[in-house]
Every structure is written in structure tokens, then in C-alpha cells.
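Participant: Okay, here's the structure, questions in a sec.
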Amino acid sequence: MNEFLNFIDGRFVATGKTFDDRNPATGRVIGLVHEAGAAEVDAAVQAARRALKGDWGRMPVVKRVELLYAVADEINRRFDDFLAAEVADTGKPRSLASHVDIPRGAANFKVFADIVKNVPTESFEMATPDGGTALSYALRTPLGVVGVVCPWNLPLLLMTWKVGPALACGNTVVVKPSEETPATATLLGEVMNAVGMPPGVYNVVHGFGPNSAGEFLTRHPGVNGITFTGETRTGEAIMAAAAKGVRPVSFELGGKNAGIVFADADFDKAVAGITRSAFENCGQVCLGTERVYVQRPIFDRFVAALKASAEKLKMGLPHEPGVGLGPLISAEHRRKVLSYYDRARAEGATVVTGGGAPAMTGEAADGYWVQPTIWTGLPETSAVIREEIFGPCCHVAPFDTVEEAVALANDTEYGLATTVWTQNLSTAHRMAREIEVGLCWINSWFLRDLRTAFGGAKASGIGREGGVHSLEFYTELRNVMVKL
Ligand code: NAD
Ligand code: 6OD
């Protein structure tokens, strides 16, 4: 049985108070996680502070960058270990984790190492009132000890998406992985030691949210800023914790994203794109599409094609050939998703496909499986259309005009992402201008360039990370004015 220990000051720390880690594809316990209490969280924050003031804080940026490259190389060298750990924790298809999660785990260190190495700072020469001159320039200093609170859907990818830039900018971190997925954050501790990262730069504390490691970390006064990915309601709680001491937050939160398909779209590509955006990672992607709007002339044909495409997805254990759909993360999340499936039926939805839990056999019999599901016919006021479900499901509704598509897409508290399918350039750019989101994909979905700004509008987040935008959060700009 694996034991997942906390990683504090370069050492693995047991607490003796453990909880189970389960494989969602089988429902079986695969590990014991050592929950950090307030004392361990405090030790991690103190270690991070010492590293900030010590070797790490004094390290020249070129050396820091070399270490981050070494971390990426070591993740790649141990690719199979990371892959096995991520797949066991999430149950997601191996093909998905090996193409997306693990490579991005390594890339998140390299990309931000390169950015930090090359980032310019401003300087101005100015005339002074006494007829002389002054030189003003900016210094970028680290924010300090950063608390990193992570979700379970893309554990390594989303954690390193924060840890990579935080370390590149010279900060130290205390990471609180999701209680559902402790493995890859722990493994990264081994990587840090292997490459000679100074102790205390990267720390991991395991546990839950309220009254556990999450709350202890976000309330700790030694944490200078908090970067969080997770549900909007959790973000509200963390924001309240961060208010004490007026500490900055960077939030990537929930979504209820619209996919909009115009009648002039490349039909097959739109069907394939919406299939991916609704069902990839079993719908557990914040950027996923749970609301699909299709222009009326192609509505019936589109719904039929989407149904056929969803029904072709093979559900199964991660290593089975051709598997495109894994389980949900937990029994609790499955209950939540199935409650929306029930609600849709009770509210009179037409269930185009799916709508329940499949009967799985063998090793998969006790996994947290649900059928990919498509509905039509619900009113826009339905909870199924308004609330984030985070499962493999979408509702499809017709629209007639560009104006109507914009109004439907924007009729939500969220503003994370949208995906628009059209061959008309003017329609595409108009939609990009008018839909209130942080990310707008045209004829694509989840196509990423890590130099670009990533984040959500409205209740989907605060701030942007990615490229130089990450520097806005992970550094403080200090202005220096020198009278010459
Ligand atoms: P969650 O909010 O339940 O948990 C996220 C993390 O917060 C976990 O580590 C949890 O232990 C911790 N936590 C919970 N309550 C806390 C508290 N009071 N104080 C401190 N920490 C606390 O989210 P989840 O279920 O793990 O992930 C799914 C959610 O994440 C979805 O809403 C999804 O949209 C969102 N998400 C957003 C993005 C994005 O980029 N916008 C990316 C991935 C996931
Ligand atoms: O690609 C990324 O950098 C990113 N933050 C993806 C988020 C996916 C949400 O589930």
C-alpha cells in the first residue's frame, strides 16, 4: 500500500493521521495519505520562509532557471512513474494523461524558466525640478511564500501551472493538493531532492479544506499570497481567509461554458470539437462545454451526430486500448453528477443519450462510472443549465441569430471559456468581442500556448496567469528612483 507523506523542508513527514486514497476506476483503496495538521502546515510555511531568505533567495536567476530545467528533465526521466501515479489517482485514460497531464507537468517548469530569464523591466530617465536628471527603474522581487491550493481534475498539470511560475519568479511554495489526488505532488518532492533544490523551496501538505490543511494554509499569516484552482464557492472562502492581512489571490474557478455552433461551421469538425469539449476527462475540465447552442438549420442533424459521436466513446479502465472515457473522481462526485441526471429527467428533458450509470464488470465493477449524456428541451432557467455539473454531459438548444447566441452564452454567473464554430470571419470575431469570458476558442478547444493569458471573467476567477501575466501575481514591482 502506498503511503503519501507530507514534504516539508526537503523531508517526507508522516503524521500518523491518515485517510484513504482510492482509485476511481476500481473504487479500491490504493494508498494512505498523511493529513497535515496546523503544526505541519506551520512547519512548511516556516521552511518556505527560511528558503526564501536563504539559498533560494540568494540564488542568481540563471542558476534558478537551470534548476527548473532540471526539474522538467527529471519529470520526463520519471515519466512512467508520474503517469502511473496520475492514472491510479484519477482513473483517466493513460492515453490522455500521457499526452496532456505529464508532458504539461514538465513544460510548466521550462516555459516559465524561459520567460523569467528573458523578461525586461522598465526604466525612465527624467528631468528633475532643479534642472538635473533622475533615473527610475523597476525591480521585480518575489511575492514571498505562496500558498498553492489545487483541484483533482488535472492534478500535476494544474499544480505545476502555479508552482512553475512561482518558483521561476523566486518564490517558495507550500502546496495543498486535492485530498482526492495526493500522488504526483508527493512524487514531485522526490524530483526536487534529486535535482538538488534547496530544502523548503517546495513543500507539500496533505489534507482537506475546512478545518484541515487547506484552511490552515490559507489562514496562515506567513503566507504572502494564495493561488487557487477550484470551485467558485471554495474561492469565496479562501478570499475571506486572504482578507486577513490583505493578501493577494489569483483564482481559477468554475465555469458553465457555452459551445456555439453556427450553421456555416465545418460540421464534422464542430461535432468532433464539441464531443471533446463535453466529454474529455469525463467532463471534468473547467473549460468543458456543458451548454451547447446550435443554429436552427443544422440543429437536428447536429444533435444526431453528437449522439453518434458520444456513443462511440469507449468507457473503460485506463490501460485498455481505445479507451476515451474514464470514471468520475469519487463516489461523492458521482452522486452529485447523477443527481443532475435525475433532475434533468424530472424537469422534462429529452435524454438524447445516456442519463444514468453503466453496469461495469470485473475490476471496474465498483468504479465511479457514469454514462456520457446529452439532453435537449430544458428551459434556460433549469439548474442543469445554470449550475456547473463537472461531468460528461451537455444540454443542446437551438438559436437563430448572432445576437441570440451572444445573449444565451452570457446568461450565466460564470465567464471562463467559450468555443465558437463558424467559417465566417466576421461572426467569429464578433463573438470573441461580445462573449464575456477569459478564453474564447474559435474552431478549436483547449488549444494552449503557455505564453498567453489564462483565466476567467465574472465568477470564474480573479487575475490572469500565463506568460508574463503570471509575473503580475508572483512578483512585486519595486520602483527605484535615483537622483543623478
Ligand atoms: P474544490 O474547490 O472543491 O477543491 C479545490 C481545493 O481546495 C482542494 O485542494 C480542497 O481541499 C481545497 N479546499 C476546499 N475548501 C477549502 C477551504 N475552505 N479552504 C482552503 N482550501 C479548501 O474543487 P475541486 O472539486 O477539487 O475541483 C473542481 C472545481 O475546480 C470545478 O469547479 C472546476 O471548474 C474548478 N477548476 C477550475 C479551473 C480553472 O482553470 N478555472 C481548472 C480546474 C478546475
Ligand atoms: O492549460 C492550463 O494551463 C490550464 N490551467 C487548464 C485548466 C483546465 C481546467 O480544468
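The values are calculated or read from the model by the stated rules, or taken from the named source; none is laboratory data. No experiment lies behind these values; they were computed from the predicted model shown. Note: ideal-geometry Cβ built from the backbone for every residue, glycine included; neighbour counts use all protein chains shown. Side chains included, ligands, DNA and RNA excluded: accessible areas come from the protein's heavy atoms. Shrake-Rupley method; radii C 1.70, N 1.55, O 1.52, S 1.80 Å.
Participant: Taking 0.36 nm per intervening residue step and subtracting the Cα-Cα distance, what contour gain separates Glu236 from Thr381 on full extension?
Facilitator: Result for the pair: 49.8 nm of gain on full extension.
Participant: Then there's this: Excluding ligands and nucleic acids, what accessible area in Å² is computed for Trp369 using a 1.4 Å probe, to the nearest 10?
Facilitator: 0
Participant: Kirkwood Rh over alpha-carbon pairs of segment 62-144, then Stokes-Einstein at 4 °C and 1.567 mPa s: what D in µm² s⁻¹, rounded to an integer?
Facilitator: My calculation gives 81 µm²/s for D.
Participant: Also: Over the Cα atoms of segment 332-391, what is the Rg over Rh ratio if Rh follows Kirkwood?
Facilitator: Over the Cα atoms of segment 332-391, Rg/Rh equals 1.01.
Participant: Still on this structure, please answer the following. Can you give the Kirkwood hydrodynamic radius for segment 257-448, in Å, rounded to one decimal and based on Cα pairs?
Facilitator: Taking the inverse mean of 1/r over all distinct Cα pairs, segment 257-448 comes out at 16.7 Å.
Participant: How about Lys117: which aspartates and glutamates have a C-alpha closer than 13 Å to its C-alpha, ignoring those fewer than 8 places off in the same chain?
Facilitator: Glu66
Participant: At R0 = 25 Å, how high is the FRET efficiency between Ser339 and Phe208 if r is their beta carbon distance? Nearest 0.05 is fine.
Facilitator: Using R0 = 25 Å, I get an efficiency of 0.70.
Participant: Counting only DSSP beta bridges with both residues in the chain, tell me the antiparallel percent, nearest 5.
Facilitator: Roughly 45 percent of the DSSP beta bridges within the chain come out antiparallel.
Participant: Let me ask another. How much of the accessible area of the chain, probe 1.4 Å, is carbon plus sulfur, in whole percent?
Facilitator: 54
Participant: To the nearest Å, what is the center-to-center distance of segment 1-77 and segment 290-345, using C-alpha atoms only?
Facilitator: Spelled out, the Cα-based centre of one part sits 35 Å from the other.
Participant: Please work out how much length the chain gains when fully extended from Thr121 to Val468, using 0.36 nm per residue of separation minus the C-alpha to C-alpha distance, in nm with one decimal.
Facilitator: 123.8 nm
Participant: Equivalent ellipsoid semi-axes for segment 251-297, as square roots of 5 times the alpha carbon gyration tensor eigenvalues: give them largest first, rounded to whole Å.
Facilitator: 22, 12, 7
Participant: So how far apart, in nm, are the two label points at Arg28 and Asn193 if each is 7 Å from Cα heading toward Cβ?
Facilitator: 2.8
Participant: For the chain, just the Cα set please: Rg and Dmax, both in angstrom.
Facilitator: 23.4, 85
Participant: How about segment 133-234: which GluC sites (Glu not before Pro) there are in a DSSP loop, with at most 10 other Cβ atoms within 10 Å of their Cβ?
Facilitator: Filter output for segment 133-234: empty list.
Participant: Go through Lys53/Lys162; Lys17/Lys176; Lys269/Lys312; Lys307/Lys458; Lys110/Lys314; Lys17/Lys244 and tell me which ones have a Cα-Cα distance over 23 Å in this structure.
Facilitator: Pairs exceeding the cut-off: Lys307/Lys458; Lys110/Lys314; Lys17/Lys244.
Participant: Follow-up. What does the extension gain come out to for Leu135 and Asp266, with contour length at 0.36 nm per residue minus their alpha carbon separation?
Facilitator: The Leu135-Asp266 span can extend by a further 41.6 nm.
Participant: Which order do the peptides 328-335, 148-155 come out in when sorted by mean C-beta neighbours inside 10 angstrom, highest first?
Facilitator: Descending packing order for the listed peptides: 148-155, 328-335.
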